[in-house]
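Chemist: Provided herewith is a single structure, encoded as structure tokens, for subsequent inquiry.
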Amino acid sequence: MKLASLKGGRDGRLVVVSNDLAWFTDAGTIAPTLQAALDDWERCEPMLKALAASLEDGGVPRERFHEREAASPLPRAYQWLDGSAYVNHVQLVRQARGAEMPESFWTDPLMYQGASDGFLGPRDAIPLADEAWGCDLEGEVAVIVGDVPLGAGRDEALAAIRLVMLVNDVSLRALIPAELAKGFGFVQSKPAGAFSPVAVSLDALGEAWKDGKLHGALLVELNGQDFGKADAGADMTFDFATLVAHAAKTRSLAAGTIVGSGTVSNRGPDGGPGKPVSEGGLGYSCLAEVRTVETIQTGHPKTPFLKAGDTVRIEMRDAKGHTIFGAIEQTVAQA
């Protein structure tokens, strides 16, 4: 099944969306919001799946689904934890600034806790007050979990995953070094990001969901041009079971917690940095990575960060070319 939150109020209105994203039906008689459904998942899940089946069969009232009318599936969440599961990305970024990467990064995931009191909608503008801040897109995958007990192991963490989404985790790259140098973490350099129009259940993903990973090309466009098509299931050092268990090591996670994968990143065929799509490569899922590759190869970056008027599109398609999650499509706007 595919679930969405239509804009309205702080937490949106829960609807069930058809597999082709053409239609929706109201789910308010089951739960008013997605968070309410997650809080009572054992009761709500079978009813939502039955409603989804009826929608596909034409057995319930339906209306046209327009992605521009959707908020992020969880317009706000109790918790947003973003990992860095693609260590290739971490290695490249650190290499560009001459920083050695600790060996532990291959065995112990990086993770930060971001602001979650309000996410952008998938078609909302990205507000940017100062282009000197180095605004970047980050194409990622994320899961929404149910309640996860403190100290949960891999199997328990994997079983707690309820839904999968795509993410544009907006970053302000020029603000990151000074924040990290203080010894705490990201605050100003991580403004509100956006999630895909729909969140999808694991069974609806079929073979695309395997071994705690989402497999398939994450399609990223920048100003209408192909920018990235890295496979989200390849080169993922830490699967979502590992990430969720890592987050729950010292605390329980409440239903509705979102856990992100970090920027999707693939190595080149030779094990080194990948190539741009224009050169036959799989491209990149963020500007920082292509700027890193440019720095390694030429000594300085040439690709600029986002500026007002730039557009970003992130989606994933199935084997038949049909969109799975809908598209995150945003334009940078002067705040």
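Chemist: Could you check how many residues of the stretch 234-246 are open to solvent by 10 Å² or more (accessible area, probe 1.4 Å), outside any loop (DSSP other than H, G, I, E, B) and not β-branched (V, I, T)?
Modeler: 2
Chemist: Of all strands (runs of 3 or more DSSP E) completely enclosed by the stretch 177-233, which ones contain at least 1 residues that are among the aromatic types (F, W, Y)?
Modeler: Of the strands (runs of 3 or more DSSP E) lying wholly inside the stretch 177-233, those with at least 1 residues that are among the aromatic types (F, W, Y) span 225-231.
Chemist: What's the total number of residues in the stretch 28-54 that are more than 15 Å from S201 (Cα to Cα), touching a residue at least 24 places away in the same chain (Cβ under 8 Å) and either in contact with a strand residue (DSSP E or B) (Cβ under 6 Å, 6 or more places away or on another chain) or open to solvent by 60 Å² or more (accessible area, probe 1.4 Å) (or both)?
Modeler: Number of matching residues: 2.
Chemist: Of all residues in the stretch 304-332, count the ones that are open to solvent by 40 Å² or more (accessible area, probe 1.4 Å), touching a strand residue (DSSP E or B) at 6+ places or on another chain (Cβ under 9 Å) and either of a type in the set (D, E, K, R) or part of a strand (DSSP E or B) (or both).
Modeler: Within the stretch 304-332, residues that are open to solvent by 40 Å² or more (accessible area, probe 1.4 Å), touching a strand residue (DSSP E or B) at 6+ places or on another chain (Cβ under 9 Å) and either of a type in the set (D, E, K, R) or part of a strand (DSSP E or B) (or both) number 6.
Chemist: How many residues does the stretch 57-92 hold that are surrounded by fewer than 16 Cβ atoms within 10 Å (Cβ to Cβ), in contact (Cβ under 8 Å) with a residue 12 or more places away in the chain and farther than 23 Å from A36 by Cβ?
Modeler: Total satisfying the criteria: 2.
Chemist: OK, next. For the stretch 271-303: of the residues being of a type in the set (D, E, K, R) and open to solvent by less than 30 Å² (accessible area, probe 1.4 Å), which is farthest from E221 (Cα to Cα)?
Modeler: Restricting to residues being of a type in the set (D, E, K, R) and open to solvent by less than 30 Å² (accessible area, probe 1.4 Å), the top hit is E294.
Chemist: For residues in the stretch 56-110 being assigned to a loop (DSSP other than H, G, I, E, B) and acidic (D, E), which is farthest from A255 (Cα to Cα)?
Modeler: E100
Chemist: Then there's this: Could you list, in sequence order, the residues of the stretch 151-176 that are out of contact with any strand residue (DSSP E or B) (no Cβ under 8 Å at 6 or more places or on another chain), modelled with pLDDT of 95 or more, more than 18 Å from K213 (Cα to Cα) and not in a loop (DSSP other than H, G, I, E, B)?
Modeler: A174, L175
Chemist: Checking T25 against (1) more than 24 Å from the chain's Cα centre (by Cα); (2) open to solvent by 20 Å² or more (accessible area, probe 1.4 Å); (3) more than 30 Å from E294 (Cα to Cα), which single condition isn't satisfied?
Modeler: Of everything listed in (1) more than 24 Å from the chain's Cα centre (by Cα); (2) open to solvent by 20 Å² or more (accessible area, probe 1.4 Å); (3) more than 30 Å from E294 (Cα to Cα), T25 misses just condition (2).
Chemist: Here is a follow-up. Since A142 meets every condition but one in (1) more than 30 Å from W41 (Cα to Cα); (2) modelled with pLDDT of 95 or more, which condition does it not meet?
Modeler: (1)
Conditions (1) modelled with pLDDT of 95 or more; (2) within 18 Å of the chain's Cα centre (by Cα), marked per residue:
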site	(1), (2)
A241	yes, yes
L253	yes, no
G272	no, no
K275	no, no
S278	no, no
Y284	yes, yes
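The values are calculated or read from the model by the stated rules, or taken from the named source; none is laboratory data. Everything numeric in this text was worked out from a predicted model, so none of it was measured. Cβ coordinates were reconstructed from backbone atoms using ideal geometry, including for glycine residues, and neighbour counts include every protein chain displayed. Surface accessibility is based on the protein's heavy atoms, side chains included, excluding ligands, DNA and RNA. Shrake-Rupley method; radii C 1.70, N 1.55, O 1.52, S 1.80 Å.
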